[in-house]
1. What is the local net charge at residue 75, summed over the other residues whose Cβ is closer than 12 Å to its Cβ (Lys, Arg +1; Asp, Glu -1)?
2. Need the full-extension length gain, residue 103 to residue 63, defined as separation in residues times 0.36 nm minus the C-alpha distance. One decimal, nm.
3. Determine the sum of side-chain charges near residue 31: Lys and Arg each +1, Asp and Glu each -1, restricted to other residues whose C-beta is under 10 angstrom from that of residue 31.
4. Ranked highest first by average number of other Cβ atoms within 10 Å, how do 40-46, 25-31 line up?
5. Provide the net charge surrounding residue 111, with neighbours chosen by a C-beta distance below 14 Å and charges set as Lys +1, Arg +1, Asp -1, Glu -1.
Amino acid sequence: MRPTPERVKDPMPTDKPPTVIKKYANRRLYHTGTSTYVTLEDLAHMVKAGEDFVVYDAKTGEEITRSVLTQIIFEQENKEGGQNLLPVTFLRQLIRFYGDSMQSLVPSYLEVSMNSFAKEQVKLREQFTHAFGPGAFQAMDDHVRANMAFFTEAMRIFTPFASGRRAPGEAKPGAEGGEIDALKTQMAEMQAKLDALSRK
């Protein structure tokens, strides 16, 4: 019998408000829905199950969801015997964008890319289930290569904005709103390419 990959539950849309998690000074996390203390591993399972939550600092009331999610990723990446999702090259590229003129574009680009990949995961799982073997791995490899090629092309397109050179179709320096209009055009092209990839 051919082995099948473990299926991660697809998040389902829901009108249920997110669960509130409170983080105390001793770093303990309190699940207000079940009135129990939980761990980062528990929160990771909640994410995989599609259960939304927000995390607040119990003392200040500040929302710290982003920080906690980052800690979960750190724990998963350093789990002994686990499979890393973030290649070293990607991490270095990500660090380089901090403080760069492109920084404001990276979050939306990554979000769109992940949404596109999420739409494709059902198709990829079917290929692994029904044709587990070289063909299935080739399908995954082709998809990854397509995404990487698109990422490289997107960075090439945006390079002129960071270096001071004009992108094709961009207004000359001094034209009011020229850079913004050109940037919107490039973003539209990125979205169109992502939509095309998702239909393959």
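We did not get these values from a lab; they are worked out from the coordinates using the rules stated. Since we're looking at a predicted model, the values are computed, not measured. Every residue, glycine among them, receives a Cβ derived from its backbone with ideal geometry; neighbour counts consider all protein chains shown.
1. Neighbour charge sum, excluding residue 75 itself: -3.
2. 12.2 nm
3. So the environment of residue 31 carries a net charge of 0.
4. Per-residue Cβ counts within 10 Å, averaged per peptide and sorted highest first, yield 40-46, 25-31.
5. That sum, taken over residues with Cβ under 14 Å, equals +2.
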